[in-house]
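Let me begin by presenting the structure, written as structure tokens, before commenting on it.
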Amino acid sequence: MPGAAYPDIIPVDQWLTLYEGLLIIAGPCSVESRQQLELTARGLADTKKISVFRAGIWKPRSRPGRFEGVGAEAFSWLTDIREETGMPVAVEVARPNHVELCLKHGIDIIWLGARTSVNPFLVQEIANACRGTNIPVMIKNPISPDLRLWVGAIERMAQSGIKKLIAIHRGFQSHPKSMYRNRPHWDIPAALKKEIPGIPIVCDPSHIAGNRQLIPEVAAKALAMRMNGLMVETHFAPETAKTDPEQQITPERLNDILEELLRPEPLMGKLLDLDALRTLIDEKDHQLLEMLADRMSLSELIGELKKEQQTGIRQPDRKKDILADRQQKGTELGLSKVFIKKVFSLLHEESVIIQRKKMAP
Ligand code: PEP
Ligand code: MN
């Protein structure tokens, strides 16, 4: 029965050490060598802010022929890192045999990636492989913006008896292209929190941003949304990374970002609902900007076509039709007719300007 297995989740502060109340997960996108792991892990351990060291050893790549991870060879490197630094180590699993190997080699935490949580068959097979163990599991949101799939993946793990669960919000694939590599859709993790109140939700600003520059902004928004922590891809020499080089940062940079976010007192403590609402408004406005840019690029195409066909720019009926249609649709959505008329008159005028430029000889 859907929803019957809402998990009996063990509070995360009972099994992991938090920093200022936050769960900070960091480490490279993928393991490349023992030395890369050691240099990165030592830098992270020095910050004294890290709850979990993450590293991918089997990498899901969109296209074949790219670096697919070092595989099982990395297990002893990872457990040595845990012995040396005290940080528990986490690895991504995408197959039942990955789970078996992680259990056999003493990996502390496993996680399901976004390309796995999207597939209920695979999630169920992985959940079956976890049955009877008490391995902690982190579940990334599926690549598509579908809350039910994410909840379903968590439920499947819970039904297998897993009680140490963490949800990771890594954004959602979108078309057309967005300023983010993966759109945050902040309302989805907020809805997950309502659906499964006991689940800690950690934001992964690295995969949302897709570039280093945007990481602090996304991380700040995540804290404004009262997320329980951050997962940040970290590499001692990010530009040399074999996977996701644009979005990885050094341990020192992560330390600076965390200090900034948590100054002068823990941000989490002084948050108002206003911050969360403003985060949601910011995202909607960014989406509006992306859609405006998209719409205006269609006006350019229309300008080119009209030039080719030598048609006039102004077609009076078109403006009338647009306004009538948008006012009708807008009122159905609860928007005022006057507001819709203002907005779409402006859009239409801007389209005409763009077309005129294209048609200029
Ligand atoms: C990763 O964390 O390196 C990864 C592959 O992430 P995702 O599943 O979110 O794409
Ligand atoms: Mn990655």
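Any read-out appearing in this document is the output of simple, stated calculations on the displayed coordinates, not a laboratory observation. None of these values were measured; they are calculated from a predicted model. When we count neighbours, we look across all protein chains shown, and the Cβ atoms used for this are built from the backbone with ideal geometry, even at glycine.
Things worth noting here:
- Where the Cα pairs of the range 215-361 fall when distances are cut into 5 Å bins, in %: 2, 8, 11, 12, 11, 10, 9, 8, 10, 10, 6, 3, 0
- Distance from the C-alpha centroid of the range 295-361 to that of the range 31-88: 53 Å, rounded to the whole angstrom.
- Distant-in-sequence amide H partners of Lys59 (H built 1.01 Å from N, under 5 Å): Gly69
- Ranking Ala153, Pro184, Gln355 by Cα position along the charge dipole of the chain, where only Lys, Arg, Asp and Glu carry charges on their C-beta atoms, puts Gln355 farthest toward the positive end.
- Rounded D (µm²/s) - the range 183-229, Kirkwood Rh over Cα pairs, Stokes-Einstein at 37 °C, 0.692 mPa s: 300
- Largest-first ellipsoid semi-axes for the chain, taking √(5λ) over the Cα gyration tensor eigenvalues, angstrom: 43, 23, 21
- Where the Cα pairs of the range 120-235 fall when distances are cut into 10 Å bins, in %: 14, 44, 32, 10, 0
- Look at the dipole of the chain built from charges on Cβ: of Ala72, Val338, Met296, the Cα furthest out on the positive end belongs to Val338.
- Under the Karplus curve 6.51 cos²θ - 1.76 cosθ + 1.60, θ = phi - 60°, whole-Hz ³J(HN,Hα) for the range 71-86, x wherever Gly or Pro sits: x, 4, 4, 7, 4, 5, 4, 5, 5, 5, 4, 4, 4, 6, 9, x
- Under-5 Å amide H pairs with Arg54, H placed in peptide plane, nonlocal only: Ala26, Gly27, Ala90
- Around the amide H of Ile143, modelled in the peptide plane, lie the amide H atoms of Val118, all under 5 Å away and 5 or more residues distant in sequence or on another chain.
- Environment charge at Arg226 (Cβ cut-off 10 Å; Lys +1, Arg +1, Asp -1, Glu -1): -1
- For the range 91-238, size of Cβ-based charge dipole, Lys and Arg +1, Asp and Glu -1, in debye: 140
- Across the range 1-88, Cα-Cα pairs farther apart than 15 Å form 65% of the total.
- Taking every alpha-carbon pair within the range 1-151, the share separated by more than 25 Å comes to 31 percent.
- Listed peptides 105-115, 58-68 appear in the order 105-115, 58-68 once ranked by packing, highest mean of other Cβ atoms within 10 Å at the front.
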